[in-house]
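Read through the structure below, which is laid out as structure tokens, and then see the notes.
The values are calculated or read from the model by the stated rules, or taken from the named source; none is laboratory data. This structure is a prediction, so every number in the text was calculated from the model and none was measured. Using ideal geometry, Cβ is built from the backbone for each residue, glycine included, and neighbour counts are taken over all protein chains shown. Ligands, DNA and RNA are excluded from the accessible area calculation, which covers all protein heavy atoms including side chains. Shrake-Rupley method; radii C 1.70, N 1.55, O 1.52, S 1.80 Å.
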Amino acid sequence: MSRSAHPAGPRHADVLPEGHYTAPPADLNALDAKVWSRTARRGEDGVVTVGGMEVTRLAEEFGTPAYFLDEADFRARCRAWADAFGPDADVFYAGKAFLSRAVVRWLTEEGLNLDVCSGGELATALDAGMPAERIAFHGNNKSQEEIERAVSAGVGRIVLDSFQEIVRVAHIAQEQGKRQRVQIRVTVGVEAHTHEFIATAHEDQKFGIALADGQAAEAVRRALKLDGLELIGIHSHIGSQIFDMAGFEVSARRVVQLLARVRDEHGVELPEIDLGGGLGIAYTSDDDPKEPHDIAKALREIVARECEAAKLRTPRISVEPGRAIVGPSAFTLYRVGTVKPLPGLRTYVSVDGGMSDNIRTALYDAEYSVSLVSRASDAAPMLSRVVGKHCESGDIVVKDAFLPADVAPGDLLAVPATGAYCRSMASNYNHALRPPVVAVKDGRARVIVRRETEDDLLRLDVG
Ligand SMILES: *Cc1c(COP(=O)(O)O)cnc(C)c1O
């Protein structure tokens, strides 16, 4: 990520602890449309509204911390992906990014398919009415029970991740008198990460079956022989928060080469390929994500070109965006509790949540932006670190942020682009109560996942 040198100015920035920060934005009150959901506005009175709801009112009604999901934004992103890929491709929303019954209903209505990777995600999807044939079941160690349930529910595909699983799924399908549609997940030897892709160390991870040493071809051989399986294609997922299409290009080429090999060896043209998810979003103003339309165009061209070279019919493509759909649709609202200036360093602003509602900063060194949203301010920018209330010094929500120097206890701060992998990775660390998810739309707010209570905690504690 590009980091510019800091111009002279802000008060606490004359000593730079880790040299890792951006210049302050020109206008601290502006909401960058790249990182905010599309209905976010700052009103005349300085209060930010999303989905037509003022954050001050949301905080009063639902408390803080809380996640607010902009339904119109979420649905618009679903439509953008579905439209970009069109009727001869399939878009699977990766449920692990964030899943709830309301979200499943929106996906169903918007014509998307759904990836799940656990019994719990499958239960949520089925309960909310996602047709089973639109569900793909993933995971590198699906349990016997999970496979049985997926097969008996009639999921559209199971993505096979190991030799053991090929046999397990075939056996379970046969026991149920079925032929399960499956894909084989291959490791293409590309690990895409942010701006670059690295073609080393890629096979040294737990997912998929390696292409390189002929194992993937062997997996295809075995799957084709088993009566319980209908092998519909090859699956590849190369990473996450990817901005560069180069990794997909290598991945698509290698997957198509496998299809050609399968055709040569077995006389079968597998009809589908899945290129996975991992498309990047803007967490800060430095990020420049691609539009679904451009991604679709690039992927189609790559696949068409490779298929032409291999003299194969172009397979049906599927993609699996998670973050790119739900990430920008939600923000987390926090209330400031304490403000602690460390002279010559920076100011620590403590909020009422932290690593229990957003582990990504601690886990991946993820970057976020933050805005004062309960009022506008003309105060100078102040180099800040937004931290949580947990008993860890690594409990950081936003590592480097500029906030107005008059930020004070009681102010509301919002961290945008927290729709993906925040609530879904939330924990009860320090017996924190996991925050609610509230859908906002057209001046109305509705809880879709309620806040945990102390009763919830104590109910599990049966000792
Ligand atoms: C996590 C995952 C995705 C979604 O990744 P995003 O970065 O959220 O787009 C898609 N497919 C598979 C197999 C995954 O594991």
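Taking amide H positions as placed in the peptide plane 1.01 Å from N, state which residues far from Leu160 in sequence (5 or more) or on other chains have amide H under 5 Å from it.
Gln183, Ile184, Arg185
Nearest 500 deg cm²/dmol is fine: what mean residue ellipticity at 222 nm does the chain get from its DSSP H runs of n ≥ 4 alone, each adding -39,500 (n - 2.57), divided by its residue count?
So the helix-based figure for the chain works out to -8500 deg cm²/dmol.
Output the antiparallel fraction of DSSP beta bridges having both residues in the chain, as a percent to the nearest 5.
Antiparallel bridges make up about 45 percent of those DSSP assigns within the chain.
Tally up the carbon and sulfur contribution to the accessible surface of the chain as a whole percent, 1.4 Å probe, everything protein left in place.
49
What is the distance, in nm, between label points placed 7 Å from the Cα along the Cα-to-Cβ direction at Glu392 and at Ser285?
Label at Glu392, label at Ser285, 3.0 nm between them.
Would you list Lys34, Lys340 from the most to the least accessible area, probe 1.4 Å?
Numbers: Lys34 70, Lys340 120 Å².
Descending order: Lys340, Lys34.
What longest region of the chain stays clear of GluC sites (Glu not before Pro) that DSSP places outside H, G, I, E and B and that have at most 12 other Cβ atoms within 10 Å?
45-463
Need one number: nm distance between label points at Ser424 and Glu61, each 7 Å from Cα along Cα→Cβ, rounded to one decimal.
Between Ser424 and Glu61, the label points sit 2.7 nm apart.
For the chain, what is one quarter of the convex hull surface built on the Cα atoms, given in nm²?
Working: hull surface 92.5 nm².
So the Cα hull casts an average projection of 23.1 nm².
Once fully extended, how much extra length lies between Ala212 and Arg316, figured as 0.36 nm per residue of separation less the alpha-carbon to alpha-carbon distance? Don't skip to the end; give the middle numbers.
On the way: separation 104, 0.36 × 104 = 37.44 nm, distance 2.36 nm.
This chain segment gains 35.1 nm when fully extended.
To the nearest 0.05, what FRET efficiency results for Asp365 and Leu458 with a Förster distance of 45 Å applied to their C-beta separation? List each step's numbers first, then the result.
Values: r = 35 Å, r/R0 = 0.77.
Calculated transfer efficiency: 0.85.
Check the chain and count each lysine pair with an alpha-carbon distance under 27 angstrom, considering only pairs eight or more places apart or from different chains.
Here the count comes out as 24.
Taking N as the number of residues in segment 71-324, what value does Rg over Cα atoms divided by 2.2 N^0.38 Å take?
Normalised by 2.2 N^0.38 Å, the Cα Rg of segment 71-324 equals 0.96.
Mind giving me the FRET efficiency for Arg261 and Ala298? R0 is 35 Å, r the Cβ-Cβ distance, nearest 0.05 is fine. Kindly include the intermediate steps, with their values, before the conclusion.
Working: r = 25 Å, r/R0 = 0.70.
Step by step, r from the Cβ atoms, then E = 0.90.
Can you give me the C-alpha center-to-center distance between segment 384-437 and segment 36-99, rounded to a whole angstrom?
19
Set the Förster radius R0 to 25 Å, insert the Cβ-Cβ distance between Asp27 and Ala408 as r into 1/(1 + (r/R0)^6), and round the FRET efficiency to 0.05.
For R0 = 25 Å, the calculated efficiency reads 0.80.
How high is the relative contact order of the chain, in percent, with contacts defined as C-alpha pairs under 8 Å that are six or more residues apart?
Once normalised by length, the contact order is 21 percent.
Just grab the label-to-label distance for Glu269 and Asp244, each label 7 Å out from Cα along the Cβ direction, in nm (one decimal).
Calculated label separation equals 3.3 nm.
Collect residues whose amide H, placed 1.01 Å from N in the peptide plane, falls under 5 Å from the amide H of Ala420; neighbours closer than 5 in sequence don't count.
Here Gly327 satisfy the definition.
Report the gain in length on full extension from Arg38 to Val167: 0.36 nm times residue separation, minus Cα-Cα distance, nm rounded to one decimal.
41.8 nm
If we count every other residue with Cβ under 12 angstrom of Ser37's Cβ, Lys/Arg +1 and Asp/Glu -1, where does the sum land?
Within the 12 Å Cβ shell, the charges total +2.
Figure the gain on full extension for Arg101 and Arg444 (residue separation times 0.36 nm, minus the Cα-Cα span) and round it to one decimal in nm.
Answer, rounded to one decimal: 121.6 nm.
If I fit a long axis through the Cα atoms of helix 215-225 and take the longest principal axis of the Cα atoms of the chain, what angle between them do I get, 0 to 90°, rounded to 10?
So the inclination is approximately 60 degrees.
Towards the positive end of the charge dipole of the chain, with charges on Cβ (+1 Lys, Arg; -1 Asp, Glu), say which of Gly120, Gly280, Val169 has the farthest Cα.
It is Val169.
How large is the accessible surface per residue of the chain, computed with a 1.4 Å probe and reported in Å² as a whole number? Each step should come with its number before you reach the end.
Numbers: 19360 Å² over 463 residues.
Per residue, the chain has an accessible area of 42 Å².
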